[in-house]
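Working notes, structure below.
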Amino acid sequence: FLPWNGKPASMEQTFAKALPLGLTANLSVRPDKLEVYQGLTVDDSQIEVTATGQDTRLALFAKAAAGEKIAIDLASKPGAGGQEIAGHVEMPFNLAEQLKLADGSAIVSGEARVDIAFNAKGLSPGGALAALSGSGNFAMGNGQLLNISPQNFTKLMAGAKDAVALRDAFVALHHGDGVALGGMSGGISIVDGVGTVSPFSTNGADADIL
């Protein structure tokens, strides 16, 4: 799980079956600051790395600024098929930071929380991750689609009588205060390394989202 030469860790190092030279260890780290992923940096965290010779395990526990729990557990060990990887991830996501257009502008705002367990087997870490399978769920509160206005679109479409009016209606659709999504939740599945979110819908004052 750790690079030993000061360079960024490769996938082979990150999901190594054991520490180099057959070492065993129990390492505990409490960093002053930790970037869990781009957009989420925490001050209160603890990392445990355990290598027994039979498996190597990384556990991370932390709290985000608003007090949300962050828990990551990863394990790698030799298996009959080459390598076995298993894990569990529970953490919050800032949707505005994670869902953006190519120009960097956010398309949705709000906070989501995911809870996923997964496992994989393969001849190499890359092969195992390509065969990753798992399941979990997500929950989102105070979500909002940005830069879209169904009410403006509906209002202009009602009085549209020519091509110019239709164009103006579609231009108005992509401007405005956005659409409140409210609270939503659903399931997440991972099959052969591809994650899928189950269909969900929400009904609001501005629009019905399917």
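Which value, in Å², gives the accessible area per residue of region 48-134 when a 1.4 Å probe is used on the protein heavy atoms? Can you show the working numbers first?
Working: 4130 Å² over 87 residues.
Roughly 47 Å² per residue, with all protein chains present.
Treating the beta-carbon of each Lys and Arg as +1 and of each Asp and Glu as -1, no other charges, what is the dipole magnitude of region 61-104 about its Cα centre, to the nearest 20 debye? Could you put the intermediate results ahead of the total?
Values: 4 positive and 6 negative charges, 21 e Å.
That gives region 61-104 a dipole magnitude of about 100 debye.
Quick one: 3J(HN,Hα) in Hz for region 119-125, Karplus 6.51/-1.76/1.60 with θ = phi - 60°, rounded, Gly and Pro as x.
Whole-Hz 3J(HN,Hα) from phi for region 119-125: 7, 7, 9, x, 6, 9, x.
Treat every Asp and Glu Cβ in region 23-157 as -1 and every Lys and Arg Cβ as +1, leave all other atoms uncharged, and give the resulting dipole magnitude about the Cα centre to the nearest 20 debye.
Values: 10 positive and 14 negative charges, 52 e Å.
Here the size comes out at about 240 debye.
I need the per residue convex hull volume for region 44-152, using only the alpha carbons, in cubic angstrom as a whole number. Write down the numbers at each step before the final one.
Values: hull volume 15.2 nm³, N = 109.
So the per-residue hull volume is 139 Å³.
Using only the Cα atoms of region 51-94, what are the Rg and Dmax in Å?
Spelled out, the Cα radius of gyration and Dmax of region 51-94 are 13.7, 43 Å.
Name the aspartates and glutamates eligible as straight-distance cross-link partners of K77: C-alpha to C-alpha under 16 Å, and not fewer than 8 places from it in the same chain.
E12, D55
The values are calculated or read from the model by the stated rules, or taken from the named source; none is laboratory data. This is a predicted model, so every value here is computed, not measured. All Cβ positions, even for glycine, are placed from backbone atoms using ideal geometry, and neighbour counts span all protein chains on display. Protein only, heavy atoms only, side chains kept; ligands, DNA and RNA dropped before computing areas. Shrake-Rupley method; radii C 1.70, N 1.55, O 1.52, S 1.80 Å.
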